1. Quickly work out the Gln77-to-Glu345 label distance, labels modelled 7 Å from Cα along the C-beta direction, and quote it in nm with one decimal.
2. Please list 3J(HN,Hα) in residue order for the range 285-292, calculated via the Karplus relation 6.51 cos²θ - 1.76 cosθ + 1.60 where θ = phi - 60°; whole Hz, with x for glycine and proline.
3. Extension gain Lys208-Asn222, at 0.36 nm per residue separation less the Cα-Cα distance, in nm?
4. Suppose a student asked you for the relative contact order of the range 34-185, using Cα pairs under 8 Å spaced at least 6 residues apart; what percent would you report?
5. Just to be sure I understand the model, the point goes 7 Å from the Cα along the line to the Cβ. What's the resulting Leu154 to Glu427 distance in nm?
6. Of Lys323/Lys424; Lys68/Lys424; Lys78/Lys159, which ones are farther than 22 Å apart at the Cα?
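Since every read-out is calculated from the coordinates, none of them should be taken as a lab result. A quick note: this is a predicted structure, and the numbers were derived from the prediction, not measured. Note: ideal-geometry Cβ built from the backbone for every residue, glycine included; neighbour counts use all protein chains shown.
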Amino acid sequence: MVAPRLIIKKSPLQTIGEEQTQNPYTELLVLKAHHDIVRFLVQLDEYRFASAGDDGIVVVWNAQTGEKLLELNGHTQKITAIITFPSLEVCEEKNQLILTASADRTVIVWDCDTGRQVQKVSCFQSTVKCLIVLQRLDIWLSGGNDLCVWNRKLDLLCKTSHLSDTGISALIEIPKNCVVAAVGKELIIFRLVTPTGESLEWDILEIKRLLDHQDNILSLVNINDLSFVTGSHVGEMIIWNILDWTVQARECNFWDPSAQLDTQQEIKLCQKPNDISIHHFTWDEENVFAAVGRGLYVYNLQMKRVIACQKTAHDSSVLHIAKLPNRQLISCSEDGSVRIWELREKQQLAAEPVPTGFFNMWGFGRVNKQASQPVKKQQENATPCSLELIGDLIGHSSSVEMFLYFEDHGLVTCSADHLIILWKNGERESGLRSLKLFQKLEENGDLHLAV
């Protein structure tokens, strides 16, 4: 028997020089307030955001100055979900509220303008892992081992029976008073029954279970008025019709098992088991952007195909992505980096085959298995786009969990190193400082003397 030969394969990670001319984020502020992993960031308004994590604390920050505005203490264990709770349009008081769920099996409503704890719910039988607000109905839902429906006063309106010990991992709202819950490898469609003249009671009914995934669902998001998308631990990606819940497209072949062990029994350390987990999606009117293992993929909704990819965008799993203006994309990873990409059209189409095993038309036809066969037809159908690295933000010393983008105030990142970093547009900040200086000189009369 031939002994396995260990091969450490060099990572094909794209790099960028020190002079990142297209990267605007040349200044940073390090914000310290947490004592454990910071997992969540939520935008409150145009200039404020809140952070939360494993220390059970919620901190409200000024995104422009980095000033710590409030510290909200009330949970005794790590925070597992956070969401804004908008005020009613008819309500005179427009205080910004947020909901936080914790492993201490409580949910707290906070007033982010005053720091006051408005109310606390402590009747949960399991940890709440996700929260969703249905503003149209003025209710919110909590997902744990069951699904509960609450009103603004925190009255329990109705709930489901016990669904699973693993709990609900994600929730989205879809039309016809329905919600979709990801429970393990299943999607469960629930319909909310609102009070009528005949009955004043709320109810929640299970309508259908979708069993198309083979492994646990990690991501679930709405992408437009017609579709939502799910991604699983083993790289299954499915686009669903939002009205009839049928499969519009799928891809279940992210990983070629033959790459694990070849005929010489080589063990390739570069092929990690989580290299195909789909952790996050983002989207725009044209495309769905998927974080698949360490890579990024851009799927065009109209063409029903991938138009660009970076198989190794980071050294470790990509945890969060977001689409920016000007065809730009930002990604963060377990490797501690934050990278900025630009979707570009290639000048000339490279004469190379479309990668097999990665979004091969999502079930709309099969890729020819003969690798040596000419790929003229594939080239004719290929779209000349690429994801080009234009910025690499190095500041965190551990996994970057997520980030927020403020158009006027920069980028906010949070990390397992307990820190939050506020990345600033250096050119913009320099201009603002100069403007403030001139205003101060003008107020003091020094500007006239200098002239």
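1. Simple spin-label model gives 5.4 nm for this pair.
2. For the range 285-292, the Karplus-derived couplings read 5, 9, 10, 10, 9, 10, 8, 10 Hz, x marking Gly and Pro.
3. Between Lys208 and Asn222, full extension yields an extra 3.2 nm.
4. 12 percent
5. 4.8 nm
6. Too far apart for the 22 Å limit: Lys78/Lys159.
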